[in-house]
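Novice: What follows is a structure written as structure tokens; I'll ask about it next.
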Number of protein chains: 2
Amino acid sequence: MTPPERAQTQTARRSAQTATLAEIAREAGVSAPTVSKVLNGRADVAPATRNRVEELLRAHGYRRRRAESTRSPLVDLVFHEMESAWALEVIRGVENVARDAGLSVVLSESAGRLTPGRTWADQVAARRPHGVILVLSELDESQRALLTSRSIPFVVMDPAGDPGSDVPSIGATNWQGGLAATRHLVDLGHRRIGAISGPSRMMCSRARIDGYRAALETAGVPVDPALIRNGDFHHESGYRLGLELLRQPDRPTAVFAGNDLQALGLYEAARELGLRVPEDLSVVGFDDLPVARWVGPPLTTVRQPLTEMAEAAARLVLELGRGDEATPAATRVELATSLVVRSSTAAPAGA
Amino acid sequence: MTPPERAQTQTARRSAQTATLAEIAREAGVSAPTVSKVLNGRADVAPATRNRVEELLRAHGYRRRRAESTRSPLVDLVFHEMESAWALEVIRGVENVARDAGLSVVLSESAGRLTPGRTWADQVAARRPHGVILVLSELDESQRALLTSRSIPFVVMDPAGDPGSDVPSIGATNWQGGLAATRHLVDLGHRRIGAISGPSRMMCSRARIDGYRAALETAGVPVDPALIRNGDFHHESGYRLGLELLRQPDRPTAVFAGNDLQALGLYEAARELGLRVPEDLSVVGFDDLPVARWVGPPLTTVRQPLTEMAEAAARLVLELGRGDEATPAATRVELATSLVVRSSTAAPAGA
């Protein structure tokens with residue numbers, strides 16, 4: 001959707017929020033039960049009819065009256081990718097809140113695409129969950145419209161991009177985390193401090209690296225672009241970019257990794273080059289997955305309260321579902337990160 | 001349920017499998033729609049009535065006619081506990097099969113109890129999934145009866161106990177895995193080989209330890225009970241029991257751990273005692289989680305094809321749902337384990 005279109009739709013919403021199901025039906029030239037079928041995600045409606053109805057629902061900003069009794073006791077949880085132990089912490093948080101509320105969790109993976117498929121949105125409309133929690137995943141405009149017209153609230157956890165100011169979201173203080181990690185290294189006496197980031201299209205990666213820069217600049221340490229590498233959040237990326245950084249003639253004595261898995265990749269690169277952690281190289285991770293305590297040496301890392309963030313997201317989406325407003329005022333909550341110092345960081349040799 | 005009761009129920013099933021919903025209603029003294037409400041897990045039936053109907057359904061071995069159209073496009077996945085990265089491999093496998101079949105996955109955790117709660121069974125009956133996959137989790141007799149009467153098939157993955165010969169299940173060749181791991185250590189020249197097992201109530205742990213014994217006995221190495229420790233499948237257990245084993249005067253030169261997390265705990269115990277892996281201590285794990293490749297040194301382990309097992313379980317439960325028989329002949333499939341040799345095993349010092 002281009003910007004002019006978006007503006008137009010928003011105007012339509014403001015002017016006609018009270019369109020009834022019968023009015024939508026009349027305008028579409030179909031019966032009210034047909035509109036109802038579309039809203040319920042039933043398969044027995046011709047695609048053309050369905051598209052026409054969906055467009056009118058969207059144009060009129062139609063919102064189904066909330067009827068608690070017609071909802072299924074389900075909450076939808078959608079991952080961009082369910083790759084690492086990271087996902088498990090999130091699932092656990094959502095499970096905790098759902099169980100207390102007597103709800104079950106439906107899990108989907110958008111399989112590497114940032115936006116779940118069209119089929120997914122139809123399935124959600126058909127099963128009428130209490131709400132949808134998206135993890136590092138986004139909805140396109142038509143999916144948002146589809147959920148809004150069914151009064152199915154949604155919350156984004158730790159947005160990959162910029163979720164828009166009107167999307168409720170739960171994040172962590174990524175910038176503060178990057179700042180704390182890098183200050184810790186500066187305080188130990190490091191001056192050649194490298195950084196391996198996550199994907200630059202993800203806001204959380206950018207915020208962490210910006211925190212890293214801020215720590216260096218406020219300490220009067222020049223930022224050297226040769227010491228910053230962009231990768232993704234996988235082990236392999238930490239290994240490969242770690243080798244690049246550590247093979248430089250004036251190699252860094254410390255590296256701030258984008259997450260714990262990258263930090264483990266960096267461990268492997270250091271082993272391969274005969275560098276000891278922390279004697280020859282200090283490493284800081286991000287996330288504090290269980291494995292951070294288990295590796296040798298135990299990893300200094302920035303704790304991101306993933307389970308608590310997921311709990312907060314689940315509570316928020318259930319609150320939105322109970323509220324009087326189908327789409328509440330913008331809500332953005334950031335939970336605090338904190339530095340956990342273990343054994344992978346030390347003063348640089350000769351300091 | 002005691003054995004005589006079980007026999008009685010089975011007789012009743014054989015003799016009266018054709019009881020109709022109307023006959024059940026008559027015998028219970030309620031209307032047919034009331035029986036239908038019970039079958040659909042509706043809340044608006046008095047508990048006493050509901051129990052009476054459930055008992056009759058069970059006594060008559062009633063099985064709902066399978067009507068594809070009344071099923072929700074869901075598959076239920078129930079974990080005993082969703083503790084480790086192990087769970088993620090399983091979720092991924094079930095997701096793969098469900099996605100291809102156009103189904104979504106509902107996740108539950110029996111929160112450390114081996115049997116999911118009563119509420120869970122009611123929720124499953126109400127949401128009518130295509131099937132239920134239980135992971136290291138069991139159903140009690142009444143839960144099995146409840147699913148059977150609704151024609152909701154179920155499959156147990158990697159049973160914790162003895163699921164009964166009439167429960168379809170997918171496992172791995174745990175005994176062969178224990179054998180291969182221990183033979184590898186014997187072949188390297190080790191004679192003092194310790195073992196840390198998982199919980200002895202879990203058949204998979206027992207099978208692994210029996211494989212370990214078989215390897216020692218067939219190699220003419222005496223089994224020393226002082227070298228075998230029973231724990232659970234957590235990191236902490238490997239650490240604590242590892243310290244016990246390694247502090248013995250005649251300590252083992254190699255240890256077969258019950259799983260990868262225990263092996264990482266063992267790494268930590270060895271580090272604490274100043275023992276190097278593999279120079280002073282060889283370690284073999286079980287599972288081959290992603291982290292096994294990432295730790296230092298990379299872990300020699302028995303690969304259990306968790307994702308493939310979960311895929312097999314999901315395919316089996318969908319097949320059962322499509323089949324003509326609501327409860328098919330007993331099915332037990334074991335997928336092969338395989339030894340993956342990395343860098344945590346070597347010949348003992350002085351060998």
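Novice: Quote to one decimal, in nm, the extra length available between B:ARG247 and B:GLU217 on full extension: 0.36 nm per residue of separation minus the C-alpha distance between them.
Specialist: Working: separation 30, 0.36 × 30 = 10.80 nm, distance 2.50 nm.
The span from B:ARG247 to B:GLU217 would gain 8.3 nm if fully extended.
Novice: With each label point set 7 Å from Cα along the Cα-Cβ vector, what nm distance links A:GLU308 and A:ASN51?
Specialist: Spacing of the two 7 Å Cα→Cβ label points: 4.8 nm.
Novice: Oh, and also: Count the net charge of all other residues whose Cβ sits under 10 Å from the Cβ of A:THR307, scoring Lys and Arg as +1 and Asp and Glu as -1. Intermediate values should be presented prior to the final figure.
Specialist: Values: positive: A:ARG92; negative: A:GLU89, A:GLU95, A:GLU308, A:GLU311.
Net of charged neighbours comes to -3.
Novice: What FRET efficiency do you get for B:ASP166 and B:THR119 if R0 is 25 Å and r is their Cβ-Cβ distance, rounded to the nearest 0.05?
Specialist: So the FRET efficiency works out to roughly 0.45.
Novice: Between A:ASP280 and A:ALA22, what is the spin-label point distance in nm, taking each point 7 Å from the Cα along the Cα→C-beta axis?
Specialist: 8.0
Novice: Tally Lys/Arg at +1 and Asp/Glu at -1 over every other residue whose Cβ is under 13 Å from the Cβ of B:VAL155; what's the total?
Specialist: With Lys, Arg at +1 and Asp, Glu at -1, the net is -3.
Novice: Also, I was wondering about something else. Test of understanding: what is the full-extension gain from A:THR70 to A:SER142, defined as 0.36 nm times their sequence separation minus their Cα-Cα distance? Mind showing how you got there, number by number?
Specialist: Values: separation 72, 0.36 × 72 = 25.92 nm, distance 2.30 nm.
Contour length minus the Cα-Cα distance gives 23.6 nm.
Novice: In a solvent-free Debye calculation with one equal scatterer on each Cα, what is log10 I(q)/I(0) for chain A at q = 0.13 Å⁻¹, listed in the order of the q values?
Specialist: Each listed q corresponds, in turn, to -0.94.
Novice: Could you tally the net charge around A:GLY274, taking each other residue with its Cβ under 15 Å from the Cβ of A:GLY274, Lys/Arg +1 and Asp/Glu -1?
Specialist: Spelling it out: positives minus negatives among the neighbours equals 0.
Novice: Next question, about the same structure. Pick from B:ASP44, B:ASP166, B:ASP76: which is most flexible by mean-square fluctuation in a GNM of chain B where alpha carbon atoms under 10 Å apart are linked?
Specialist: Judging by the Gaussian network model, the answer is B:ASP44.
Novice: Tell me what chain B gives for mean residue ellipticity at 222 nm when only DSSP H runs of n ≥ 4 count, each as -39,500 (n - 2.57), the sum divided by the residue total, rounded to 500 deg cm²/dmol.
Specialist: About -13500 deg cm²/dmol.
Novice: Right, something else. Taking 0.36 nm per residue of separation and subtracting the Cα-Cα distance, what length does fully extending B:ALA226 through B:ARG271 add?
Specialist: 14.0 nm
Novice: Now, a different point. Run through the other copies and list how far each one's label point is from that of A:ALA219, in nm with one decimal, shortest first; the point sits 7 Å from Cα along Cα-Cβ.
Specialist: Its label point is 5.0 nm from the equivalent points in the other copies.
Novice: Per-residue mean of other chain beta-carbon atoms within 10 angstrom of the beta-carbon, peptide A:270-276?
Specialist: Other-chain Cβ atoms within 10 Å of each residue's Cβ, averaged: 1.
Novice: Moving to a separate point now. Taking the Cβ of each residue in B:ILE196, B:ILE228 as the centre, tally the other Cβ atoms inside 10 Å and list the residues starting with the fewest.
Specialist: In order of increasing Cβ crowding within 10 Å: B:ILE228, B:ILE196.
Novice: Related question: Based on alpha-carbon centroids, what's the gap between the stretch A:178-235 and the stretch B:119-134 in Å, whole number please?
Specialist: 48
Novice: On to the next question. Just want the ordering: B:SER344, A:SER165, from fewest to most Cβ atoms lying within 10 Å of their own Cβ.
Specialist: The most exposed by this proxy come first: A:SER165, B:SER344.
Novice: Same structure, new question: How would B:THR70, B:THR345, B:THR148, A:THR173 line up from fewest to most surrounding beta-carbon atoms within 10 angstrom?
Specialist: B:THR70, A:THR173, B:THR148, B:THR345
Novice: Given the options A:ILE91, B:HIS190, B:ASN51, identify the residue whose Cα lies farthest towards the positive end of the charge dipole of the protein assembly as shown (+1 on Cβ of Lys, Arg; -1 on Cβ of Asp, Glu).
Specialist: About the Cα centre, the residue reaching furthest to the positive side is B:ASN51.
Novice: Now for a different question. Considering only the label points, 7 Å along Cα→Cβ from Cα, what distances in nm to one decimal separate A:SER142 from the same position in each other copy, shortest first?
Specialist: 4.9
Only the coordinates and a few stated rules stand behind these numbers; no lab work does. Values in this document were obtained by computation on a predicted structure and should not be read as measured data. Methodologically, a virtual Cβ is constructed for each residue, glycine included, from the backbone with ideal geometry; neighbour enumeration extends over all protein chains shown.
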